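Heads up, the thing below is written out as structure tokens.
The values are calculated or read from the model by the stated rules, or taken from the named source; none is laboratory data. What you are looking at is a predicted structure, and each value in this text was computed from that prediction instead of being measured. A quick note on method: Cβ atoms are made from the backbone with ideal geometry, for glycine too, and the neighbour counts reach across all protein chains shown.
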Amino acid sequence: MDCREDEEGPRQSLIAPEILSLPAREVLSYCKVRDPLSLRLNIVGALKNWKDVADSLGYPTEQILGLFAHDARPGLVLLEDWMYKKNGRLGRLVDVLTDLQLYACLEVIHECVEGTSLIFVPLAKFQVRNLCVVADVKFFADSPIISIA
């Protein structure tokens, strides 16, 4: 599967809005970004690739053709820069990949999201008694984000 345009047409995102608003680096596992996602973006001869993603994310042409293009894995360098230096949001990446019809790349993101145990619970309804679970609790928009180990 590569990042060529599929004939399936656009898919509606099944990712919760709360997760889409998080920084991509908090949701996407680095090994998924490094291998399946960046490799799909690096395919030579694809109708759309990392250059289109970089352009859609707002990178200037000089940076696309300069810094990224001179690397052996430009898709990885782009994603690392956007995720870690620019603190890019997952929702923005999903929007770009959807607009570019890079559905195979979206599949990788869906796998990452499905692989996490993020549960969003409104703060007013968060009452747990006598429950023994190993969990990492963070707060986002006044609601706890529980990552269950």
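This table checks each residue for (1) crowded, with 18+ Cβ neighbours inside 10 Å; (2) within 11 Å of the chain's Cα centre (by Cα); (3) in a helix (DSSP H, G or I).
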{"residue": "VAL44", "(1), (2), (3)": "no, no, no"}
{"residue": "VAL53", "(1), (2), (3)": "yes, no, yes"}
{"residue": "GLY58", "(1), (2), (3)": "no, no, no"}
{"residue": "GLN63", "(1), (2), (3)": "no, no, yes"}
{"residue": "HIS70", "(1), (2), (3)": "no, no, no"}
{"residue": "LEU78", "(1), (2), (3)": "yes, no, yes"}
{"residue": "TRP82", "(1), (2), (3)": "yes, yes, yes"}
{"residue": "LEU93", "(1), (2), (3)": "yes, yes, yes"}
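Taking the residues in the stretch 18-51 that are among the hydroxyl-bearing types (Ser, Thr, Tyr) and touching a helix residue (DSSP H, G or I) at 6+ places or on another chain (Cβ under 7 Å) as candidates, determine which candidate is modelled with the lowest pLDDT.
The qualifying residue modelled with the lowest pLDDT is SER29.
Search the stretch 19-41 for residues being closer than 11 Å to LEU76 by Cβ and hydroxyl-bearing (Ser, Thr, Tyr), and hand back the single one that is surrounded by the most Cβ atoms within 10 Å (Cβ to Cβ).
SER38
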